[in-house]
Amino acid sequence: MFERIMRSFELVKASWRILMEDKKLLAFPIMSGIVTLLVIATFVVPLIFTDGAYSLATNSVTGIILLFLFYLVSYFVVIFFNVGLISCVHAKLNGKSMTVREGLSAAGRHIGSIFAWAIVAATIGLILHMIEDRAGFLGQVAAAIVGGVWSLVTLFVVPVLAFEDKGVFSAMKESLGLFKKTWGESVVGTISITLIFAAIGVVGLLLVLGTLFIGNTTLFMVALALFIVLVAVLAILSSAMQGIFTVALYTYAKTGSAPGIFAPGVVEHAFAPANRQQFGPGNI
């Protein structure tokens, strides 16, 4: 386990290097974040002006429908820009170059699959939210666990949809198969990336809280504003690096060879499956 964790840090460094070499990849999470904020405003602002007549809670049919629509639109936006991101990453890992416009065009060509996957994701999100609402603390714990497992077993759905042109359910089946082959690397890699940025965020939060002891309101407000900016930057970087990680792992799982852009030995060791023969080109 210690070796896997250390290799995951090597993977993060490799992903960071790719990101620094191709900073346009940051455009996708930035655009995704901006559009997502607009989606949130679109749903929340009308609720404010309806004087509480409507809500995104699950205690009414109207609330359930509105919540599902919110999830659907939000997931569609995130998945759309994620397809654009991984398309550019995939091209780079194969020695090609793809502009942001071309990445968006690639996402546009899969808009039907993206919408179908957004429906599935929104349905699962709604079900988990309803469990949280109706089962209290235990429901929240159960929803968190199920949600985490769901995220891992569907890790490769978007790459499969984008690169193999399969239907949603076929992509889910393929993703599960790829996850079974690389479950250790998927879990360690995903959690490592998340924990690194979360740790930076926690340090930032502690510094903000530390300004409270100084007693200077202006300093606290400035620190809080900087912390909000930090959270936004960390979210953008984490999203981009997660996309790089997913495509690299997907590529290796499908072809049995490491993308040439990674430092020699990094991907082979980080993603080494229990049985290399499963990944040979003849077995795909």
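The values are calculated or read from the model by the stated rules, or taken from the named source; none is laboratory data. Keep in mind the model is a prediction, meaning the values are calculated, not measured. Cβ placement follows ideal geometry from the backbone for every residue including glycine, while neighbour counts extend to all protein chains displayed. Quick note on the areas: whole protein, heavy atoms, side chains included, nothing else; ligands and nucleic acids left out. Shrake-Rupley method; radii C 1.70, N 1.55, O 1.52, S 1.80 Å.
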Two-site FRET efficiency, GLU21 against THR217, from Cβ-Cβ distance with R₀ of 45 Å, rounded to 0.05 = 0.60
Would you list the P(r) distribution for region 50-167, with all Cα-Cα distances sorted into 5 Å bins from 0 and each bin expressed as a whole %?
-> 2, 11, 17, 18, 16, 12, 10, 7, 4, 2, 0, 0
Region 147-167-region 216-238 distance, computed between alpha-carbon centres (Å) = 33 Å
Can you list the lysines whose alpha carbon sits under 24 Å from that of LYS96, skipping same-chain ones fewer than 8 residues off?
-> LYS13, LYS23, LYS24, LYS166, LYS254
Run the 1.4 Å probe and let me know the accessible area of ARG17, rounded to the nearest 10 Å².
-> 90 Å²
When only C-alpha pairs under 8 Å and at least 6 residues apart count, what is the relative contact order of region 116-238, in percent?
-> 16 percent
Accessible surface of MET130 - all protein chains present, 1.4 Å probe, nearest 10 Å² | 50 Å²
What whole-number value in Å² describes the accessible area per residue of region 89-149 for a 1.4 Å probe?
-> 56 Å²
